[in-house]
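Structure first, commentary second.
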Amino acid sequence: MKGIQGVVVLLAVAVAGCSKVANQPDLPPPSVQVRAVQFEQVRPSGEFVGRTQAYEDVHIQAQVSGQLIQRHFTEGDRVKQGELLFTLDPEPFQAQVNQANAVLAQAEAARDVAVINWERGKRLHPEGVISDTDMDELTSRKLQAEAQVVQANAALDAAALQLEYAQVRAPIDGRISNAFVSTGDLITPQTQLATLVQADPFWVTFQASERQMAAARTMVRKDPSQDVRLTDLDVEMRMPDGEMFDQIGRIDFVDNRVDAATGTVNLRARFSNPEGWVLPGMYVTLVIRPPEAEPRLLVPQASVQEDQQGRYVMVLAEGNEVQKRMVTLGQRYGIKWAVLEGLEEGEQIVVEGLQKIRPGAVVTPVVQETQPFSQDAQR
């Protein structure tokens, strides 16, 4: 009897509980923030890894052999074109100059005698005092003497040039390296003394694929009949620490063929470097943009989800019901994605509160104010 009473009590409690649940009011639809999909003006960009290269990179070498007696620069300093860098012992070269001067003096004296004799013979020949053969000999000696003077002058110029080469000067403006030789070393024309680089301006060399070159054509000119000018593209540079370089570059070289092994084209961009902070050999990232902005359908990155089927967004449909919509995304612009397929301008998508909803759920939408895209967000 007691067991029957216990069952009755349990049934009564269960019925009371069900009655209580049935009497509870329905919960309101979850609140989510939505935003209308819109076209925004952006400048599509491509990124390429490149390496900096000096505009001029000179190996300083002597043009004569001799003993190094003095270095005239501070290692690592900037030097000007024509500035004296090294001096070789000038005495051997000065001796050659002196010898060449002496030979020249002898040649000039012999020439003067030959000219006097020729002029005397020229006066006597018409009178028959000297024969035609003698006159021809005098003329020959005069011409040979004059040639000896020319040869002696050339030898003197060569000796003077060798003396000048004993002083090694900077061929360009730039920053010089450490010296590779020491005072007292015997220098030959094969000896490398130092290097000198001109880093303002500087180049960045990089490669682009065939597909990227075709995309660049599209970026520059909508009309295929127009000639493509890659020099119209802005080239920005991201330094190894992530900071953007403060100068805008321009492409100044495109190779005339595609590398068959890699399928890429070699290109080069030129940048100013007034402060001299960029050094040759640095790995940097080039960001290339077209000269004019273009419209793109953008969605916030936070609104995009992904599953095994791919990427999708939650679209607000009729009756505030959310639906799952698969999308094809393009390039990323800061915190936004470009949508290539799956959405139309003006459609409302859920941007916040995604964790509270599922496909088919009814929501309370709160319109989020659209913030226009800023190109700086990409940096």
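The values are calculated or read from the model by the stated rules, or taken from the named source; none is laboratory data. Values in this document were obtained by computation on a predicted structure and should not be read as measured data. Using ideal geometry, Cβ is built from the backbone for each residue, glycine included, and neighbour counts are taken over all protein chains shown.
Some points to look at:
- Residue in region 112-126 that is over 30 Å from GLU294 (Cβ atoms) and not in a helix (DSSP H, G or I) present: no
- Check on VAL64, farther than 30 Å from ASP200 by Cβ, part of a loop (DSSP other than H, G, I, E, B) and in contact with a helix residue (DSSP H, G or I) (Cβ under 6 Å, 6 or more places away or on another chain): yes
- Looking only at residues in region 323-339 that are touching a residue at least 40 places away in the same chain (Cβ under 8 Å) and of a type in the set (A, V, I, L, M, F, W, C), the one that is surrounded by the most Cβ atoms within 10 Å (Cβ to Cβ) is VAL339.
- Odd one out for VAL58, checked against (1) outside any strand (DSSP E or B); (2) of a type outside the set (Gly, Ala, Ser); (3) within 30 Å of MET239 (Cα to Cα); (4) out of contact with any helix residue (DSSP H, G or I) (no Cβ under 7 Å at 6 or more places or on another chain): (1)
- Residue check for LYS142: in contact with a Leu (Cβ under 9 Å, 6 or more places away or on another chain), among the charged types (D, E, K, R) and not in a strand (DSSP E or B): no
- Pairs with Cβ under 8 Å, 6+ apart, first in region 253-277 and in a loop (DSSP other than H, G, I, E, B), second modelled with pLDDT of 90 or more and basic (Lys, Arg): GLY276/ARG78; GLY276/ARG175
- Filtered residue count, region 340-358, keeping only those that are surrounded by fewer than 14 Cβ atoms within 10 Å (Cβ to Cβ), of a type outside the set (D, E, K, R) and in a strand (DSSP E or B): 1
- Test result for ASP136, without any contact (Cβ under 8 Å) to a residue 12 or more places away in the chain, within 60 Å of the chain's Cα centre (by Cα) and either surrounded by 15 or more Cβ atoms within 10 Å (Cβ to Cβ) or part of a helix (DSSP H, G or I) (or both): no
- Any hit, region 282-302, residues being under 30 Å from PHE202 (Cα atoms) and either of a type in the set (S, T, N, Q) or without any contact (Cβ under 8 Å) to a residue 24 or more places away in the chain (or both): yes
- Yes/no for ALA155 being at negative phi and in the same structural domain as VAL97 (by TED's automatic domain parsing): yes
- Tally of residues being more than 21 Å from LEU233 (Cα to Cα) and of a type in the set (D, E, K, R) across region 257-276: 2
- Selected residue (criterion: farthest from GLY66 (Cα to Cα)) from residues of region 153-166 that are in contact (Cβ under 8 Å) with a residue 40 or more places away in the chain and surrounded by fewer than 16 Cβ atoms within 10 Å (Cβ to Cβ): ASN153
- Entry remark, region 147-178: residues being in a helix (DSSP H, G or I) and of a type in the set (Val, Ile, Thr) number 2 in total.
- Considering only residues in region 286-322 that are surrounded by 19 or more Cβ atoms within 10 Å (Cβ to Cβ) and charged (D, E, K, R), the one that is nearest to the chain's Cα centre (by Cα) turns out to be ARG289.
- Residue match in region 179-186 (condition: surrounded by fewer than 16 Cβ atoms within 10 Å (Cβ to Cβ), assigned to a helix (DSSP H, G or I), under 41 Å from the mean Cα position of the chain (by Cα) and in contact (Cβ under 8 Å) with a residue 12 or more places away in the chain): no
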